[in-house]
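For reference, the structure discussed in these notes is given below.
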Amino acid sequence: MEDIIIRVLDGTATEQEKFDLKNWIEESEENKKYYLDIYQLWISSRLSSQKIDVEKAFLTLTNRIENKYNETSIKNRSRLRNKWLIISGAIAASILLIFSFRFFLLPDSDKEVNYSQIVAANENKQKVELEDGTIVWLNSYTTLLYPADFNKKTRQVKIDGEAYFEVAHNNEKSFVVDLGEDKITVLGTAFNVNNRSDNPENEVVLLKGSISLHLQGVKDDIVLQPNEKAFYSKAKKTINLESVDANLYNVWTKNKLVFDKEKLSHVIEMLEKWYDIEINCPEGEFDQIKVSFTVVDETIEQTLKVMSLVAPINYSIKGDIINITPK
Amino acid sequence: MISADNRKDEYFKDLFFEYYESLCFYTYKYIPDFDICEDIVQDVFFNLWENKDKLDLSYSMKSLLYKSTQNKALNYIKSHEYGHKERLDNSVDMYFYSLATQQDEELHTENLIKEIDEVVTQLPKQCNKIFLLSREAGLKNKEIAEQLNISVKAVEKQLTKALSIIRTHLYEKGYFLLLFLIALYILND
């Protein structure tokens, strides 16, 4: 019966097992007491690691109230400030049109685009809907630039940082992501770009649809298929394609960080970004260790604790200096 | 906008700060996903705010808040897992929900949590690891099994062991007496 209790709590019990447990609980006061005790411990022990930020929650609520009651005036204001950009956390999910790739290369003369509009995310992530219906999630410290006449003749944006795109389909106007010298062309598709100018290596991961990647100095464009990741070095002009589980790459837009047999060294890099902290660890030491776990709203301390359980590492936190060492 | 000079607004804010967290924990009994719990409690307060002109300040809001949170949580479950209402009402799941929420919603005292944390550190190594992965990291049994390369059965066994050790320990410390009294009260009711 104890195993069944655990399965009921885990949400994996069968209907028959639930029914059996119900009968067992109703059998005696003692049984009921036992179940309730275990249940109480199950819930309480989970709650102990949860910290709810009530201040922040209150802010969210007042924002929501404000939005609802000033909806009209906000719309008018944003129209004045900027005709087509609506930054909103409440954009309904867009319908993704999956479309086959159509090769489209910009003529050289079009390269001079005047990116006069800027959206920059600070430590908080941001969601932006462009005039054409494309939705862009900006990760922390990411800048999105676009010309004032976006969607007039062309759809072109520039990214420094990490962004996840759900591009609204438009057969007439290709959507082009300017990565500095390199470019991504799409028609309608979902993909994640990690193009930080301070990173020597950058990546593009395709979730749905099809995109082509044009690297300056590389003759042929690279066409990505879903679940493919292109890893490219700007300096060396090399590109590697790799099969990945692409759904892992936009988890940050969902406020979740998922590692699936990820190199520990890479995990540490991701955690540095996620928590915006610096982690010291021996170079090259953790390339061989692979770990799987998920971070939702855990503090860095909680995450490090879990890591030290699943991987042979020790950690120490002194002020804002975090050290990770092999066990 | 909530202005400070409005008495009802102040009252609303006080209610929020007093009950938001415990309502989230309460919702967790129905839906073990904190993001959803917070969304639901946000909705409860949003609706409350929309109806604040009708609020009777002399009336205790506590039971109203818990009741509407419970309704919203059940509606969520009904629409997301059951398709329609009748199926949940007659299901064995409903039995467990009502059993769980018979307990006092304010039992998650800091002392109890501290006490649990302390026993957990004394658990045997594998037992401790599995318990932390489940309760602190929030992994499902299957995920823990994959992570540690052991069977789901073994995970279940270790979790049962951990919970049973903690329970015994807490009994020795005199905890659960309160729970016991409440259980008695419910049974005699």
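Starting from residues that are assigned to a helix (DSSP H, G or I) and surrounded by fewer than 17 Cβ atoms within 10 Å (Cβ to Cβ), keep the ones in the range B:143-159 and report whichever is farthest from the other protein chains (Cβ to nearest Cβ).
So in the range B:143-159, the residues assigned to a helix (DSSP H, G or I) come out as B:143-148, B:152-159.
From what's left, surrounded by fewer than 17 Cβ atoms within 10 Å (Cβ to Cβ): B:146, B:153-154.
Details: B:Glu146: 7, B:Lys153: 8, B:Ala154: 11 Å.
Among them, the one singled out is B:Ala154.
Looking only at the range B:7-65, filter to residues that are of a type in the set (S, T, N, Q) and either touching a strand residue (DSSP E or B) at 6+ places or on another chain (Cβ under 7 Å) or more than 16 Å from A:Arg46 (Cβ to Cβ) (or both); which one of those is nearest to the other protein chains (Cβ to nearest Cβ)? Before the answer, list the steps.
To start, the set of residues in the range B:7-65 that are of a type in the set (S, T, N, Q) comprises B:22, B:27, B:42, B:47, B:51, B:58, B:60, B:63.
Keeping just the survivors that are either touching a strand residue (DSSP E or B) at 6+ places or on another chain (Cβ under 7 Å) or more than 16 Å from A:Arg46 (Cβ to Cβ) (or both) gives B:42, B:47, B:51, B:58, B:60, B:63.
Numbers: B:Gln42: 6, B:Asn47: 11, B:Asn51: 13, B:Ser58: 24, B:Ser60: 21, B:Ser63: 21 Å.
Per the criteria, the residue is B:Gln42.
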Restricting attention to the range A:216-223, does a residue exist that is buried (at least 19 other Cβ atoms within 10 Å of the Cβ) and in contact (Cβ under 8 Å) with a residue 24 or more places away in the chain?
no
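Give the residue, chosen from A:Asp276, A:Asp198, that is modelled with pLDDT under 75, in contact with a Ser or Thr (Cβ under 7 Å, 6 or more places away or on another chain) and surrounded by fewer than 16 Cβ atoms within 10 Å (Cβ to Cβ). First the steps, then the outcome.
Details: A:Asp198 fails: in contact with a Ser or Thr (Cβ under 7 Å, 6 or more places away or on another chain).
Just one listed residue meets the conditions, A:Asp276.
Per-residue answers, yes or no, for (1) in contact (Cβ under 8 Å) with a residue 24 or more places away in the chain; (2) more than 14 Å from every other protein chain (Cβ to nearest Cβ); (3) not in a loop (DSSP other than H, G, I, E, B):
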| position | (1), (2), (3) |
| --- | --- |
| A:Val291 | yes, no, yes |
| A:Thr294 | yes, no, yes |
| A:Thr303 | yes, no, yes |
| A:Ser308 | no, no, yes |
| A:Asn314 | no, yes, yes |
| A:Asn323 | yes, yes, yes |
Taking the range A:1-39 as the search range and keeping residues that are modelled with pLDDT of 90 or more and under 13 Å from B:Leu163 (Cα atoms), which one is farthest from the other protein chains (Cβ to nearest Cβ)?
A:Ile5
I'm trying to understand the selection: among the residues of the range B:75-96, which are of a type outside the set (A, V, I, L, M) and modelled with pLDDT of 65 or more?
B:Asn75, B:Tyr76, B:Lys78, B:Ser79, B:His80, B:Glu81, B:Ser91, B:Asp93, B:Tyr95, B:Phe96
Could you say which residue among A:Gln40, A:Gln16 is in a helix (DSSP H, G or I) and within 13 Å of B:Phe96 (Cα to Cα)?
A:Gln40
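Does A:Glu285 fit the bill of being acidic (Asp, Glu), touching a strand residue (DSSP E or B) at 6+ places or on another chain (Cβ under 7 Å) and part of a loop (DSSP other than H, G, I, E, B)?
On the way: acidic (Asp, Glu): yes; touching a strand residue (DSSP E or B) at 6+ places or on another chain (Cβ under 7 Å): yes; part of a loop (DSSP other than H, G, I, E, B): yes.
Here the answer is yes, as A:Glu285 does meet what is asked.
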Identify all residues within the range B:15-46 that are part of a helix (DSSP H, G or I), at pLDDT below 85 and among the acidic types (Asp, Glu); write none if there are none.
B:Asp35
Taking the stated definitions as given, is B:Leu99 under 30 Å from A:Asn23 (Cβ atoms), in a helix (DSSP H, G or I), among the hydrophobic types (A, V, I, L, M, F, W, C) and modelled with pLDDT under 85?
yes
Residues of the range A:127-142 being among the aliphatic types (A, V, I, L, M) and in a loop (DSSP other than H, G, I, E, B), in sequence order, are A:Leu130
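Tell me yes or no: at least one residue of the range A:159-167 is surrounded by 23 or more Cβ atoms within 10 Å (Cβ to Cβ), aliphatic (A, V, I, L, M) and assigned to a loop (DSSP other than H, G, I, E, B).
As a first pass, look at the range A:159-167 and keep what is surrounded by 23 or more Cβ atoms within 10 Å (Cβ to Cβ): A:159, A:162-167.
Next cut, aliphatic (A, V, I, L, M) only: A:159, A:163, A:167.
From what's left, assigned to a loop (DSSP other than H, G, I, E, B): A:167.
Yes, some residue in the range A:159-167 is surrounded by 23 or more Cβ atoms within 10 Å (Cβ to Cβ), aliphatic (A, V, I, L, M) and assigned to a loop (DSSP other than H, G, I, E, B).
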Just checking, does the range A:178-191 include any residue being under 22 Å from A:Lys256 (Cβ atoms), out of contact with any Ser or Thr (no Cβ under 8 Å at 6 or more places or on another chain) and modelled with pLDDT of 80 or more?
yes
How about the range B:111-129: which of its residues are without any contact (Cβ under 8 Å) to a residue 40 or more places away in the chain, part of a helix (DSSP H, G or I) and more than 7 Å from every other protein chain (Cβ to nearest Cβ)?
B:Asn111, B:Lys114, B:Glu118, B:Thr121, B:Lys125, B:Gln126, B:Cys127, B:Asn128
Among (1) closer than 19 Å to A:Val136 by Cβ; (2) touching a Leu at 6+ places or on another chain (Cβ under 8 Å), A:Gln225 falls short only on (1)
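Could you list, in sequence order, the residues of the range B:130-142 that are farther than 15 Å from A:Leu47 by Cα, facing chain A (nearest Cβ under 8 Å) and surrounded by 18 or more Cβ atoms within 10 Å (Cβ to Cβ)?
Residues of the range B:130-142 that are farther than 15 Å from A:Leu47 by Cα, as a first pass: B:130, B:140-142.
Those still in the list that are facing chain A (nearest Cβ under 8 Å) too: B:140-142.
Scanning the range B:130-142 gives a single hit, B:Asn141.
The values are calculated or read from the model by the stated rules, or taken from the named source; none is laboratory data. What you are looking at is a predicted structure, and each value in this text was computed from that prediction instead of being measured. A quick note on method: Cβ atoms are made from the backbone with ideal geometry, for glycine too, and the neighbour counts reach across all protein chains shown.
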